[in-house]
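The values are calculated or read from the model by the stated rules, or taken from the named source; none is laboratory data. Values in this document were obtained by computation on a predicted structure and should not be read as measured data. With ideal geometry, Cβ positions are generated from the backbone for all residues, glycine too; neighbour counts draw on all protein chains shown.
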Amino acid sequence: MSQKFSFEGIVNPQLKKIVPYLPGPMTKDIAAKYEMDPARVIKLSSNENPLGVPPLAKAKIIEMAGEASLYPDAEARELRGALAQYVNMRPENIVVGPGSSSLMMHIIEVFSSPGDGVVFTSPAFGSFYEEITLARGRTPVKVPLEENFDLDVAKLKKALTPRSRVVFITRPNNPTSKLVPLKDLREIMEAAAALKAVVVSDEAYVEFADPHTSALEFFYEMGEGINLLVTRTFSKAFGLADVRLGYCVGPAEAISFLTKAKPKWGTGMLAQSAGVAALKDKEHFQRTLEVVRKGREYLHRELGRLGLKMVDAPQGNYVTAKVSGYGYTGETFTEELCRRGGIMIRGDFHPEYVRISIGTMPQNEAVVKTVAEMLKDRKRR
């Protein structure tokens, strides 16, 4: 070839607008940066399960390793059957994929066309919603949360237009840990339905929230004919983040379209079998919920006592704190906490706030101890 080929001229122009969502750093990277033993690092930056992989799922992954050369069940029948029992729906109301994030991409592809609007709140799930919207040639519509991180339903409804097709509501919200009430979600669904738009309740953290707060309640009440999809994951309460497994619950008609759009063998048998085993491991699941709820209460209370302004009513497996009152930005607070205690958190979503995942009680106590030292030194200056 006489001329060097360039992809610049043929790339989707929307991709040039994307600021990629940045996951938290890896433990080994932090250890190398601060020249510390990796065993000393406490990773509370990714909202992972503090108890790790469910024992039944771990045993199943080992058992299934010898079958990794075989194609998986493209319909994920056993997993969908187990999930149907778990969420009290039918298998035809469920589609699975490699993480709920992949299913969100397909939701945009299936239920909107290029140029249509995808509505979401901010801050919520980093820049991910915007990223997958732009990559698919749709128009992102960002609705800022209020100063206390509550959702102004009237403001969101005003953002809806005849070109709106998908509305993402994160429940509980990441990174704020607040939960949009079902009555507000119902109002949003009604407004969206009038414009032929679908509402997606992103419930990655709903297992940690108060009972009966899932949008699945609307299916039990109203049945099939609603404009609602619920996405969930095995990455959090079920401790399978690296396995990449998620699912979407919705009307059978919507699920049939999503099933056509997703990759035929998108979820391997190791993931499917691990998911079934994790659902059976009720002891690990209940212990996880207990550890998170106790740890969340402890961190919210003790960090508040130290003088940080805590975002109220946390419902996820993380808490959110305002640190600017002590002269920190979210990023400088994160940096110092890591340097002093080897504790990794997130402080890149807002200039004044940080998000701290719930760990084991010794890890939570280490957070409080290190923050106390930091704030005490700030007062001396």
Task: Residue satisfying condition, being under 18 Å from residue 258 (Cα atoms) and touching a residue at least 12 places away in the same chain (Cβ under 8 Å), within set 162, 175, 114, 144 - done: 114
Open item on the list: For a quick check of your reading: which helices (runs of 4 or more DSSP H) sit entirely within segment 38-156 and have at least 3 residues that are under 20 Å from residue 198 (Cα atoms) and in the same structural domain as residue 202 (by TED's automatic domain parsing)?
Closed with: 100-111, 128-135
- [ ] Answer yes or no: is there a residue in segment 274-289 that is without any contact (Cβ under 8 Å) to a residue 12 or more places away in the chain and either of a type in the set (A, V, I, L, M, F, W, C) or touching a Pro at 6+ places or on another chain (Cβ under 9 Å) (or both).
- [x] yes
Task: Members of segment 206-261 that are in a loop (DSSP other than H, G, I, E, B), among the basic types (Lys, Arg) and buried (at least 22 other Cβ atoms within 10 Å of the Cβ) - done: 236
Open item on the list: Given (1) at negative phi; (2) buried (at least 19 other Cβ atoms within 10 Å of the Cβ); (3) touching a Lys or Arg at 6+ places or on another chain (Cβ under 8 Å), identify the lone condition not met by residue 99.
Closed with: (1)
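Only one of these is on the phi < 0 side of the Ramachandran plot, without any contact (Cβ under 8 Å) to a residue 24 or more places away in the chain and in the same structural domain as residue 90 (by TED's automatic domain parsing): 242, 202, 210. Name it.
Unique residue meeting the criteria: 242.
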- [ ] Identify, by number, the condition in (1) in contact with a helix residue (DSSP H, G or I) (Cβ under 6 Å, 6 or more places away or on another chain); (2) more than 28 Å from residue 212 (Cβ to Cβ); (3) acidic (Asp, Glu) that residue 147 doesn't meet.
- [x] (1)
Open item on the list: When the residues of segment 114-133 are narrowed to those that are aromatic (Phe, Trp, Tyr) and buried (at least 22 other Cβ atoms within 10 Å of the Cβ), which ends up nearest to the chain's Cα centre (by Cα)?
Closed with: 125
Open item on the list: I'd like the full set of residues that are within 12 Å of residue 64 (Cα to Cα) and either of a type in the set (A, V, I, L, M, F, W, C) or without any contact (Cβ under 8 Å) to a residue 24 or more places away in the chain (or both), limited to segment 259-273.
Closed with: 269, 270, 271
TODO: Might you let me know whether segment 319-333 holds any residue that is in contact (Cβ under 8 Å) with a residue 60 or more places away in the chain and not assigned by TED's automatic domain parsing to the domain that holds residue 128?
DONE: yes
Open item on the list: Looking at segment 15-31, can you tell me whether even one residue there is touching a residue at least 12 places away in the same chain (Cβ under 8 Å), of a type in the set (Lys, Arg) and part of a helix (DSSP H, G or I)?
Closed with: yes
